[in-house]
Amino acid sequence: LEQDTLDSGFNKMYKSLFHFATTSKDKRDLILGRQEPRGSETIVSYSPKGFTNEQVQIFNEMLHSKDYYLLWGPPGTGKTSLMMKELVRYCAEVNKENVLVLSYTNRAVDEICHALASIGDDWNQSFIRIGSSYSCHEDFKEILLSEKIKTISRRHQLTDLIHSSSVFVSTIS
């Protein structure tokens, strides 16, 4: 017998809806956009190279947001090529945090990979792209998780691979 993925999808949806309905009113209002996300009172200013004063201000607001930060703008304004790239670099290198970058489409994931690779030569191999080789840009097929594990035969090698990278990029699916 095979599990019906449609049934399990509906079960997860109902459980998520129940969880949302039973969470606090403040959390529901935050998720629905009825309440503004909170920022930190103490802001340490960080000024990335090549950023304008306005971009520096936005970047610092992003760094110090407590709930989330919604960065919206039309195409070509630097959301991915400047802001996301510098935020991921900052979180991975300065804060030593693990970062999961998600997007809806494989094309957007490839754009994110291009931005991260442009940080420097060592960055091209320092993140892992999760997904299928059929939907991945040719430049990033070698950093796909499925490609990196082809030579792995021991569990500790896989663990070492995963722990050696702090940045993972994928679609939400």
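The values are calculated or read from the model by the stated rules, or taken from the named source; none is laboratory data. Since the structure is predicted, the reported quantities are computational estimates derived from the model, not experimental observations. No Cβ is skipped: glycine too gets one built from the backbone with ideal geometry, and neighbour counts run over all protein chains shown. Side chains included, ligands, DNA and RNA excluded: accessible areas come from the protein's heavy atoms. Shrake-Rupley method; radii C 1.70, N 1.55, O 1.52, S 1.80 Å.
Data for the structure
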item: Exclusive hit being at pLDDT 90 or above, acidic (Asp, Glu) and under 24 Å from PRO37 (Cα atoms), set GLU142, GLU97, GLU111; result: GLU97
item: Test for LEU70: is it outside any loop (DSSP other than H, G, I, E, B) and loosely packed, with under 15 Cβ neighbours inside 10 Å; result: no
item: Scope the range 14-54; condition among the aliphatic types (A, V, I, L, M) and modelled with pLDDT of 85 or more; matching residues; result: LEU17, ALA21, LEU30, ILE31, LEU32
item: Residue within the range 115-131 that is out of contact with any strand residue (DSSP E or B) (no Cβ under 6 Å at 6 or more places or on another chain), farther than 30 Å from VAL44 by Cα and among the hydroxyl-bearing types (Ser, Thr, Tyr) present; result: no
item: Residue check, ASP67 more than 20 Å from VAL169 (Cβ to Cβ), over 20 Å from the mean Cα position of the chain (by Cα) and among the charged types (D, E, K, R); result: no
item: Enumeration of residues in the range 75-116 that are assigned to a loop (DSSP other than H, G, I, E, B) and closer than 15 Å to GLY50 by Cβ; result: THR77, GLY78
item: Residues of the range 76-93 satisfying the condition of being surrounded by 15 or more Cβ atoms within 10 Å (Cβ to Cβ) and of a type in the set (Gly, Ala, Ser); result: GLY78, SER81, ALA92
item: Residue ID - surrounded by the most Cβ atoms within 10 Å (Cβ to Cβ), chosen from residues in the range 115-149 that are closer than 13 Å to LYS85 by Cα and within 14 Å of the chain's Cα centre (by Cα); result: LEU116
item: Unique residue being part of a loop (DSSP other than H, G, I, E, B) and touching a residue at least 24 places away in the same chain (Cβ under 8 Å) when the list is ILE119, ILE58; result: ILE119
item: Selected residue (only one of TYR134, TYR104 is among the aromatic types (Phe, Trp, Tyr) and over 25 Å from GLY78 (Cβ atoms)); result: TYR134
item: Qualifying residue in the range 26-49 (condition: open to solvent by less than 40 Å² (accessible area, probe 1.4 Å) and touching a Leu at 6+ places or on another chain (Cβ under 7 Å)); result: no
item: The range 94-114, residues that are touching a residue at least 60 places away in the same chain (Cβ under 8 Å) and crowded, with 17+ Cβ neighbours inside 10 Å; result: VAL99, VAL101, SER103, ASN106, VAL109
item: Which numbered condition THR77 fails, given (1) farther than 21 Å from ILE172 by Cβ; (2) modelled with pLDDT of 90 or more; result: (2)
